[in-house]
Amino acid sequence: MDETYSDRFLKRILERAKLLGIVGLSSKQTRPSFFVGRYMKLRGYKIVPVNPAYVGQSFMGAPYVGGLDEMPQDVDFLDLFRRSEDVLPIVEEALERLPKLQTVWMQIGVVNEEAAELARAKGVDVVMNRCPKIEHQRLFGELRKGGFNTGVISSKL
């Protein structure tokens, strides 16, 4: 299912988010999760990188944790870089362990209707198949800085 989200809804989520748990955040600079984590951190969000492969290391000063059980309970935004079929148990655990959780965000290509329904039933907003970095850039007017949405149409190669 391809859900649509209003700009107002997405902007409200991004404006209220304070502490982002990023599940599957890689320290490899070529990975999409690295770009998202870096961008969000540079925009003033506090992040909790979740990746058992990097425990003992840090991401831009934020220490990696191995799982949701090691995250601070005040995480209010969970960004999931996991396969769609792996999302449900993560969301179930998050709903149990994170009392301040307001948003479950599934990255581009990640859709799990069952997990979404469960989160929504608990009053948690859900976004699927979207990237918070792209949406933040689009909604807060930063895409032009990256060379996108310049308003110039050209056929030059």
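Between GLY21, ALA94, VAL124, whose Cα lies farthest towards the positive end of the dipole of the stretch 7-143 when Lys and Arg beta carbons carry +1 and Asp and Glu beta carbons carry -1, centred on the Cα centre?
GLY21
Over the chain, what is the relative contact order in percent, taking alpha-carbon pairs closer than 8 angstrom and at least six residues apart?
19 percent.
For the chain, with the dipole built from +1 on Lys and Arg beta-carbon atoms and -1 on Asp and Glu ones, taken about the Cα centre, which of PHE140, PRO52, GLY67 lies farthest toward the positive end?
Result: PHE140.
If you filter the stretch 1-103 for trypsin sites (Lys or Arg not before Pro), then keep DSSP loop positions with at most 12 other Cβ within 10 Å, what is left?
Passing both the DSSP loop test and the Cβ count: LYS28, ARG83, LYS100.
Placing +1 at every Lys and Arg Cβ and -1 at every Asp and Glu Cβ, with all other atoms neutral, what dipole size does the chain have around its Cα centre, in debye to the nearest 20?
That gives the chain a dipole magnitude of about 1040 debye.
For the residues PHE35, PHE59, what sequence is obtained by ranking on other C-beta atoms within 10 Å, fewest first? Please report the intermediate quantities before stating the final value.
Working: PHE35 15, PHE59 21.
Ordered by Cβ neighbours within 10 Å, fewest first: PHE35, PHE59.
Give me ILE108, ILE47, ILE22 ranked fewest to most by other Cβ atoms within 10 Å of their Cβ, as a rough exposure proxy.
Numbers: ILE108 13, ILE47 22, ILE22 29.
The order, fewest Cβ neighbours first, is ILE108, ILE47, ILE22.
What number of lysine-lysine pairs in the chain show an alpha-carbon separation below 15 angstrom, given a sequence spacing of 8 or more or placement on distinct chains?
Taking the chain as the scope, the lysine pair count is 10.
Looking at the chain, send over the antiparallel percent of its DSSP beta bridges, to the nearest 5. Could the numbers behind the result be given before it?
Working: 2 of 19 bridges.
Approximately 10 percent, going by the DSSP bridge assignments.
No lab work stands behind these numbers, since they all come straight from the coordinates. As the structure is a computational prediction, the values presented were derived from the model and not from experiment. We place every Cβ from the backbone using ideal geometry, glycine too, and count neighbours over all the protein chains shown.
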